[in-house]
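The values are calculated or read from the model by the stated rules, or taken from the named source; none is laboratory data. Predicted model only: the values in this text are computed from it and were never measured. We place every Cβ from the backbone using ideal geometry, glycine too, and count neighbours over all the protein chains shown.
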Amino acid sequence: MENSSIRVRLQKLGTTLSNMVMPNIGAFIAWGVLTSLFIPKGWLPNESFATIVGPMIKYLLPLLIGYTGGYNVYGQRGGVMGAILTMGVIEGSSVPMFIGAMAVGPFGAWVLKKFDEKVQPKIRPGFEMLVNNFSAGLIGFVLMLVTFKIVGPFVESMTGVVGDGVQAIVDMKLLPLANIIIEPAKVLFLNNALNHGIFTPLGTEQVLEAGKSVLFLLEANPGPGLGILLAYAFFGKGSAKSSSWGAMVIHFLGGIHEIYFPYVLMKPALFLAAIAGGVSGTFVFQTLGAGLAGAASPGSIIAVTLMLPKGDNTFGNALAVYAGVFAGALASFLVASIILKADKSEGESLEAAQAATKAAKAVAKGQAVETVAAEISANSVKQIIFACDAGMGSSAMGASLLRDKVKKAGLDIPVTNKAIANLQDTDYTLIVTQEELADRAAQRTPRAIHVAVDNFLTSPKYDEIVAKLVGQAQEVSPRQVSLEAEAEVDLNYIDEVIFAYGQAQGSATMGQATLAAIFKNKGIGIPVATVPYDKLAEHNAKNILVVTTIAQQAEVQQAAPNAQLLVVDSLVTTPEYDKIVARMHK
């Protein structure tokens, strides 16, 4: 219980920092592109455009951080107060005030919030606007002078100490050791806090001096995760093996690192593989002098490439960056391969491991192991929100997946994604979050209905949610029918496998890639393709197998009644693919 409490507190601290930077990451990327293009050593040197670089890093970026920090504490009034105090620290120092903005923005909003709590109940009717406007202005005025004279110089000196400390670590070649902490912290959902709360502000200051920073690569390196997923692809078992190919695409090209976290959590020894990959990658980065011109967000190889700076050794720096990514992938692959090959346990599906993990967590908390909340219905849910640490990345993809299912089920329920810190406690709201963050979400929104999943991208609970919303009891859901259908599927009589999709093709494409990889591994020559619903009539034959989910079963059966049907919980991680292949060889 104590460890859980410490973890939650660490998550809250990290989230507080990252939530000031993440909403403004577009501004940091814009500054990084501006810097890499137009400074004298940039790709397209332009003296006029380069004059924007300084004002952006001195004024715009700190003011955005300060405003957002204040807004997170006390809404619009808090944001204005945060911006006022940030202006004080900016002019009170000669270095970029990212750390100062993170400190004074929330503090100013907190002071105003406490003042309003004491004073507003005593304001006479008709004087509310007068008191509110002048209280914010006068409090902001006084605190701005304090930040200008005291906080600004203090933070400047502290920033110098921190910068010297980071530089000392770099000079002593000890930077790779940071990944001993970074890699486990990432898997425990502190990745955004590390990257955007710590490394982005420090790295941005280094770019101003050196034109690039290795700090942007410490957490964003996609190599370690790629190596672990590759090891699963070659030496894994069950659906974890088959789903790893699709996960690789999302992780390496899409930059959603959260996709590989469950693969590590289901075999904790793989933390060693993640650490080995992180340490090796950072060692190569530091040895070869690699660096980026701005934050690579999300952490995909595409974003990393776009943030490569131009300088005296442009090609050498690019080569150093790619070498570090490759080294991280190779090291984590080798260690993970040894761990997976030495594992003598029975091949357990990814879903089974996730379910066992959830059950263990529930027992440890003294809770009953539940499926989807029983109170979910079309009458009790008017909006669905996917909540994560930063309100981006995997939660956005999860929201997209469920939004597609809800739409196909004919339901008019909005599905959005937010950071946990921005959630409002309202009725008729369903909050979907990850297991590791469920406690914080429940504390912030006790009136909402909560569903915790192990993985935003592959959870079978989405179909259960849709079934509840359309009024289907889970005990009599189409899943029972699908089990009978699965038992009848014989690949010996199938000439083509089709993954049906509606407006969103993502999960169907991932499922198609997963099954195609299984077929290739088993030497099965049956073609696998994706087909939109409006083209299913062209594949309405008994020698065609159509793969779909519970929520879309009725629509697919109507479009292609003569085709064979395989209904699964998840197009990506279902164990049924291995089962039908096994039956083929009997």
In the stretch 447-468, how many residues are part of a loop (DSSP other than H, G, I, E, B) and closer than 18 Å to residue 258 by Cα?
7
Filter the stretch 24-42 for residues that are in contact with a Gly (Cβ under 8 Å, 6 or more places away or on another chain) and buried (at least 17 other Cβ atoms within 10 Å of the Cβ); the one that is modelled with the highest pLDDT is 31
Residues (among the hydrophobic types (A, V, I, L, M, F, W, C) and surrounded by fewer than 24 Cβ atoms within 10 Å (Cβ to Cβ)) located in the stretch 219-249:
230, 233, 234, 235, 245, 248, 249
Go through (1) modelled with pLDDT under 85; (2) on the phi < 0 side of the Ramachandran plot; (3) surrounded by fewer than 22 Cβ atoms within 10 Å (Cβ to Cβ) one by one and return the number of the condition residue 326 breaks.
(1)
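Among the residues of the stretch 288-302, write down those that are assigned to a helix (DSSP H, G or I) and either in contact with a strand residue (DSSP E or B) (Cβ under 7 Å, 6 or more places away or on another chain) or more than 23 Å from residue 247 (Cβ to Cβ) (or both).
The answer is 288, and nothing else.
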Just to be sure, is residue 288 farther than 28 Å from residue 577 by Cα and surrounded by fewer than 22 Cβ atoms within 10 Å (Cβ to Cβ)?
yes
With respect to the numbered conditions (1) over 22 Å from residue 331 (Cα atoms); (2) touching a helix residue (DSSP H, G or I) at 6+ places or on another chain (Cβ under 9 Å); (3) hydrophobic (A, V, I, L, M, F, W, C); (4) at pLDDT 90 or above, which one is the sole condition not fulfilled by residue 193?
(4)
Residues within the stretch 291-303 that are among the hydrophobic types (A, V, I, L, M, F, W, C) and surrounded by fewer than 24 Cβ atoms within 10 Å (Cβ to Cβ), tallied:
3
Among (1) in a helix (DSSP H, G or I); (2) modelled with pLDDT of 85 or more, there is one condition residue 308 misses while meeting the rest; what is its number?
(1)
Tally the residues that are in contact with a His (Cβ under 8 Å, 6 or more places away or on another chain) and aliphatic (A, V, I, L, M), restricting the search to the stretch 273-315.
1
For the stretch 241-287, enumerate the residues that are in a helix (DSSP H, G or I), aliphatic (A, V, I, L, M) and farther than 20 Å from residue 401 by Cβ.
264, 265, 269, 270, 272, 273, 274, 275, 276, 279, 284
Would you please list the contacts, defined by Cβ atoms under 6 Å and residues six or more apart or on different chains, that run from a residue in the stretch 441-452 that is assigned by TED's automatic domain parsing to the domain that holds residue 430 to a residue that is surrounded by fewer than 14 Cβ atoms within 10 Å (Cβ to Cβ)?
445/425; 447/425; 447/427; 449/375
Filter pass, residue 466 being under 26 Å from residue 560 (Cα atoms), buried (at least 18 other Cβ atoms within 10 Å of the Cβ), at pLDDT 80 or above and touching a strand residue (DSSP E or B) at 6+ places or on another chain (Cβ under 7 Å):
no
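If you check 473, 551, 516, 504, which single one turns out to be modelled with pLDDT of 80 or more and of a type in the set (Gly, Ala, Ser)?
Working: 473 fails: modelled with pLDDT of 80 or more; 551 fails: modelled with pLDDT of 80 or more; 504 fails: modelled with pLDDT of 80 or more.
Testing whether each residue is modelled with pLDDT of 80 or more and of a type in the set (Gly, Ala, Ser) leaves just 516.
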Which residue pairs have Cβ atoms closer than 7 Å, lie 6 or more positions apart in sequence or on different chains, and pair a first residue in the stretch 233-260 that is within 21 Å of residue 298 (Cα to Cα) with a second residue that is modelled with pLDDT of 80 or more and among the aromatic types (Phe, Trp, Tyr)?
244/232; 247/260; 251/260
State whether the residues of the stretch 73-95 include one that is of a type in the set (Phe, Trp, Tyr), out of contact with any Gly (no Cβ under 7 Å at 6 or more places or on another chain) and either part of a helix (DSSP H, G or I) or over 21 Å from residue 211 (Cα atoms) (or both).
yes
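Please verify whether the stretch 510-527 includes one or more residues that are hydroxyl-bearing (Ser, Thr, Tyr) and over 22 Å from residue 578 (Cα atoms).
Checked against the condition, which is being hydroxyl-bearing (Ser, Thr, Tyr) and over 22 Å from residue 578 (Cα atoms), the stretch 510-527 yields no hits at all.
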